[in-house]
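Let me begin by presenting the structure, written as structure tokens, before commenting on it.
We did not get these values from a lab; they are worked out from the coordinates using the rules stated. Worth saying up front: this structure is predicted, and the values here are computed from it rather than measured. Cβ coordinates were reconstructed from backbone atoms using ideal geometry, including for glycine residues, and neighbour counts include every protein chain displayed.
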Amino acid sequence: MLALASGHVRQPQLESPVLPRSLAVGIATCAAALALPALAMGASKPLEYRITIKNLSKADLTPAVWGVHDRRANLFRRGRFASTGVSQLAEDGVTAIALAEFRRKKGVRRAAVSNRIAPGRSITLRVRTTTRHRRFSFASMQVCSNDTFAGVNKLALPLKSRRRVLDVRAYDAGTERNTESAAHVPCLGAHGVGPTERRRITRDPRIRGIADLRNSRHGWNRTIARMTIRRVK
């Protein structure tokens, strides 16, 4: 029988592994590269724009609900049903509900209401935001319609170019039938009335002239408004 000299068993010493220098450098480089996107995502720089909206139609554009936000938020979406606020805005120019809805959405930095825009006139918005909230949306009713509004949704504001001009299209909210009747159209004296419908938001080409509205007097051509975006900071 083999007897141990003492009552203690000596445990073997484990050596720490030594990585080759090239492998250690490679791991450190990868860790640094993975950290860069996280730092970039956390960085947010201030931006400032002047956004001018010109009314190209032959009737008022009502005060617009507008805001700056990130990718998560939408004021409206073509092909989807209009929210209660957007339908109220598109039918009667009511801004309060649409503004409240928009402010509650995740990713919205600022939401506000503009002045109305008379035919051929412009308004300029002073927009202060950040690189993290670089999307712009607005919606404004064309008062000589049943539920037509001018708008853009989730427009990416430019980072490099100092000036950008784009056409703004008209949309049909799909919540009131397009009767074009004086009994239902705000610019002809009717408010808060009109036969309802439930359709998705679509592009609205122009007034058809089927009742009391005439495109030559009340309408718009292919473009209902024009936006000029100037980055000033």
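If you take the residues of the stretch 197-214 that are touching a residue at least 60 places away in the same chain (Cβ under 8 Å) and not basic (Lys, Arg), which of them is surrounded by the most Cβ atoms within 10 Å (Cβ to Cβ)?
Selected residue: 207.
Of these, 216, 181, 145, which one is of a type outside the set (Asp, Glu), over 17 Å from residue 89 (Cα atoms) and assigned to a loop (DSSP other than H, G, I, E, B)?
Just one listed residue meets the conditions, 181.
What number of residues in the stretch 57-115 are of a type in the set (A, V, I, L, M, F, W, C), in a loop (DSSP other than H, G, I, E, B) and either touching a strand residue (DSSP E or B) at 6+ places or on another chain (Cβ under 7 Å) or free of Cβ contacts under 8 Å to residues at least 12 places away in the same chain (or both)? Steps first, please.
We begin by selecting, within the stretch 57-115, every residue of a type in the set (A, V, I, L, M, F, W, C); these are 59, 61, 64-66, 68, 73, 75-76, 81-82, 86, 89-90, 94, 96-100, 102, 108, 111-113.
Subsequent filtering for residues that are in a loop (DSSP other than H, G, I, E, B) retains 59, 64, 73, 75-76, 81-82, 94.
Going one step further and asking which of them are either touching a strand residue (DSSP E or B) at 6+ places or on another chain (Cβ under 7 Å) or free of Cβ contacts under 8 Å to residues at least 12 places away in the same chain (or both), we end up with 59, 64, 73, 75-76, 94.
Number satisfying all stated conditions: 6.
Of the conditions (1) in contact with a helix residue (DSSP H, G or I) (Cβ under 8 Å, 6 or more places away or on another chain); (2) buried (at least 23 other Cβ atoms within 10 Å of the Cβ); (3) polar (S, T, N, Q), residue 142 fails just one. Which one is it?
(1)
What about residue 87, is it touching a Ser or Thr at 6+ places or on another chain (Cβ under 8 Å), buried (at least 24 other Cβ atoms within 10 Å of the Cβ) and not hydrophobic (A, V, I, L, M, F, W, C)? Before you say what the answer is, go through the steps one by one.
Working: touching a Ser or Thr at 6+ places or on another chain (Cβ under 8 Å): yes; buried (at least 24 other Cβ atoms within 10 Å of the Cβ): yes; not hydrophobic (A, V, I, L, M, F, W, C): yes.
Spelling it out, residue 87 is indeed touching a Ser or Thr at 6+ places or on another chain (Cβ under 8 Å), buried (at least 24 other Cβ atoms within 10 Å of the Cβ) and not hydrophobic (A, V, I, L, M, F, W, C).
Test residue 194 against the stated conditions and say whether it is surrounded by fewer than 16 Cβ atoms within 10 Å (Cβ to Cβ), on the phi > 0 side of the Ramachandran plot and not hydrophobic (A, V, I, L, M, F, W, C).
Taking the combined requirement at face value, the residue does not satisfy it.
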